[in-house]
Each structure stands twice: as C-alpha cells, then as structure tokens.
1. Report the Cα centroid-to-centroid distance between region 162-186 and region 193-254 in angstrom, as an integer.
2. Please label the shape of region 1-142 as rounded, prolate or oblate, based on the square roots a ≥ b ≥ c of the eigenvalues of the alpha-carbon gyration tensor (a/c under 1.5 means rounded; beyond that, a/b larger than b/c means prolate, else oblate).
3. Can you give the helix-only mean residue ellipticity at 222 nm for the chain, where every DSSP H stretch with n ≥ 4 adds -39500 (n - 2.57) and the sum goes over all residues, rounded to the nearest 500 deg cm²/dmol?
4. Rounded to whole Hz and in sequence order, give me ³J(HN,Hα) for region 175-181 from the Karplus expression 6.51 cos²θ - 1.76 cosθ + 1.60, θ = phi - 60°, writing x for Gly and Pro.
5. With Cβ to Cβ distances under 13 Å as the rule, what net charge do the other residues near Arg220 carry (K, R +1; D, E -1)?
6. Determine, for each peptide in 194-205, 409-420, the mean count of other beta carbons within 10 angstrom over its residues, then list the peptides with the highest first.
7. Note the direction-averaged projected area, equal to a quarter of the hull surface, for the Cα convex hull of the chain, in nm².
8. Within the chain, what is the number of lysine pairs with alpha carbons under 30 Å apart, leaving out pairs fewer than eight places apart on the same chain?
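The values are calculated or read from the model by the stated rules, or taken from the named source; none is laboratory data. Treat the numbers as computed from the prediction; the structure is a model and nothing was measured. Here the Cβ positions follow ideal geometry from the backbone for every residue, glycine too, while neighbour counts run over all protein chains shown. Accessible surface is based on the protein model in full, side chains and every heavy atom, while ligands, DNA and RNA are left aside. Shrake-Rupley method; radii C 1.70, N 1.55, O 1.52, S 1.80 Å.
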Amino acid sequence: MGTDLPEVSAPCVPGAWPVLGHAPALLRDPLRFFGSLADHGEIMRVRLGPVPVHALTHPALVHQVLVTEAHLYERGRLFDKLSGIVGHGLLTSSGPPHRAQRRIVQPLFQREQVARHLGAMRAAVTEVTSSWRPGQCVAVESAGNDIALLAVTNSLLPTGTGGQVAQAVKENLPVLMRALILQIALPEWWTRLPVPGNRRAGRAVANLRGAIAEALTRHRTAPSGGGDFLSSLTSARDTLGKPLDDEAVIDQALALLVAGVETTGSTLAWAFHELARHPHAERQVHDEADTAAAQGITDPKQLRRLSYTTWFLQETLRLHTLSFFMRRTLEPCELGGARLAAGAEVVLSPHALHHDPRWYTDPDTFDPDRWKPGTPAVLKGAYLPFGSGAHRCVGEHFAFTEILTALTMICSRWRLRHLPGTRVREIPRIEVHPSTFHMLLEER
Ligand code: HEM
C-alpha cells in the first residue's frame, strides 16, 4: 500500500476507561471480552492503556494477516513482552532473524525426528502414571502438565539429565505466564516498577535461564551421543556457517519450554475432561486405545491410524485453544476497509473464532464427528489451534504425537471419572488452561 493514503480508523469498541482503555475488561474476563467483539464488526479498535489495537473477528482478515499478507506484519506487542521475559528464540522473533532461526529449529520437528522422541514421551507418561491406583483421585490438570513437561525436557536434554530443568520450569513458568498477561494489558511504565509481581517475574527468568545454562555447560564438557534437541542446537550452524553461541542456544531451549509445556499439558487435561463428559466418544477412543496398546506404541505410524481419537483431539483443540495472539504492521496497509499506519497492533482470538456460530454449527457442542472426512471444510482462518503461515507452530507434530501417545497409554488401562459436583473453569492466560480438578481412576 502507498504511504500517502490517509489513515482510516476502524470503529472503537465502546466501554473504554480513561487511561486504562479496555484493559480492565480484558483482564477481568479475556474470553468474554474477545467473544463479544464480533458484535461490533469484523475489524475494530480496542485500547490497552494508551495503545490502540485492531481486533479481527473475521477469518478472511485473519488469513490475510497470518498468511497472504504476512510479509506486511511482524510479531507485535504480545511477543515484545514475551521476548522481554524469555529472550529472542523462535517464539518471539520476526522477519529475517525468524527465518534464519526457523531453518535451524524446524528440521528438529519433522516427522522422522519426532519419531525419535516417542520413547521419551512414553517414559514421561509412565513416570507420571506408574503410581496411579484404582479408586485414587488424581489432579488431572497437573498430571497433564507433568507429562508435557517431562516429554519436552526428556527430548530437549540428554537422557537422565533433565530433572533440574524440569523442576525449574515447574516452579517458574506459571509465574512468568501470569506476569506476561499483566504486562500486555497494563501501560509500559507499570512493567518497569519494582512491584512484587515484576520482581517475581525477573527472578523466575533468571532461575530458568540458569537451569538451562547449567545443562548446557554439562553438555559442553561431556557431550551426549546426540538425538536430543540440545545436541542438535549446539551442532547447528547459522547461514554464515557459525555455531550458535550459548545465549542463542538458551533462547531456543527456553522458547521450546515456554511454547511446548503448558499448551500441551492443558490440551491433555481438557481431553480427559471431554472424554468423561461424552461416553459415546469415550467408547470409541477406548476401542482405538485398546487396539494400539495391544500392538505396543513403538512407531508414530500406529498413532496415525487412530482416526477417531485424532478427530476427538481436533475437537478438543477447537473448544480449548489459545485466547489470543498478536501481530504489528511493518508499513501502512489496508485491512478490512481500514487503513492502518505502520506500527499498528493487531489482535486475533482463536478461542473467539472457534466458538463463533458463523463458522461452526452449534459451536459450544463437543462433536468430534465434525472433523470426519467428507464433512464441509471450515473457512481458512477459522480454525487456528496451531496458528497459520510462517509462524505456524513448529511443535505441532510433536504435540499431536505426545498427546495421542498419552491418551492411548492411559485410556488402554484407565477410565477417568469426574467427581460429583466438579466444575472445571477456563483460566485464560495465553493458552486457556483448566482450573485444578480431580478425577477418579477406574481400572478398565
Ligand atoms: C497443543 C499444543 C500446542 C499448541 C496449541 C500450540 C500453539 C501454537 C500457536 C498457535 C503458535 C503460533 C503463534 C503465532 O502465530 O504467533 C505456536 C507457535 C510455536 N510453537 Fe506451539 N503449540 C503447541 C505445542 C508446541 C510444542 C510441543 C512446541 C515445542 C516443543 C511448540 C513450539 C512452538 C514454537 C517454537 C512456536 C513459534 C514458531 C514460529 O514462530 O516459527 N509448540 N504454537
């Protein structure tokens, strides 16, 4: 677009507070806030403190930003804040640095490479579930996170050396994610105040980076036989043929931990919640789990044959997905009839798109059959559990393999039942994770 065009503003969503703008509504109930935006149009302005942000509610505009005109956008405010917290790995970079990093990290996540981590995933499930007994109540949300954490750390680090990093992630990641949402919604000056929340976030970052740095030092003094992500990152070369320095390796490792643990852990917990609420789906998932477990899950190709469980997981990821992510214009551009200046922030909510009755019939009904082959495809940009375009989740196969492995191993032995009166609430951060809930273990 030419730079000489006057800026045409999208309409502003009503209800902004003086100074804070829409931040109070966003902080109070982000899912309701993003869900309500479709009533106001396909593109409209909200204010986070003094910062105007353009919110998109139409899949075509989302697709334009993430895919067809992605070259006009960089990551934006969410990722600026995230890089302040987790550094400059793949999760937070844009443009040429992002492309250079993606060239290094993407090969580690190709199907054949992910297959090498199947043993680490199985070990994670066994470690978390080996103490389970019939009649016991288990905290499903934390079991999901523990499995995801062990699966990523067992794959990231040489066998048997991930304990310290896993402990550091467990203690510090939730602190960081809570700090992040506040930093996005509140004005810039607030993030620099020495208030307890900001100090806690600073300590959490130092602890996490310190644990990864120690693992890296151990690896440099006694290199492992390879196969883990850390070995691959330390032997990778950039476009000039130079190895990554320690800070760059730590940034990438941290990006994988931040992006790959709570997202996958929450999805697994939501999957057990949905299984228990839908006996018809549960029967079919159990049948497939029995067949796969009888053969032993030693090859991801077996997981690809779990067709109903795959639809079940796609539907779980539709209902329980990221609350939002962002982009920022690199130059003036046109979007949905508005003309945005360079540097304009854009936000989109996969959660709101996935619950919108314009794109899904009975959007609040859990129905794995909507993913069966032969059913009408959803609009481009309306289903985004893993994003789309150049930043599409690099860990998608890893996450799918891990969740299918965990579901199959657990369902072949256990039925998880909700306790009477249990209410599982959605707790939105960036991903929407379930409130702490316990389920009763029945041996099948
Ligand atoms: C169910 C689990 C997961 C979900 C729902 C999920 C979701 C997403 C989404 C929506 C994005 C795109 C963000 C954007 O466009 O700005 C993304 C990017 C990313 N994810 Fe995942 N993710 C999951 C698991 C994982 C795992 C297991 C890993 C690694 C171990 C991972 C690593 C990453 C990285 C590094 C990026 C940045 C990619 C790039 O910009 O090139 N994710 N993820």
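1. Each part reduced to its Cα centre gives a spacing of 16 Å.
2. oblate
3. -15000 deg cm²/dmol
4. Using θ = phi - 60°, the values come out as 5, 5, 5, 5, 5, 4, 5 Hz.
5. Around Arg220, the charge tally is -2.
6. Those peptides, ordered most packed to least, come out 409-420, 194-205.
7. 22.3
8. 6
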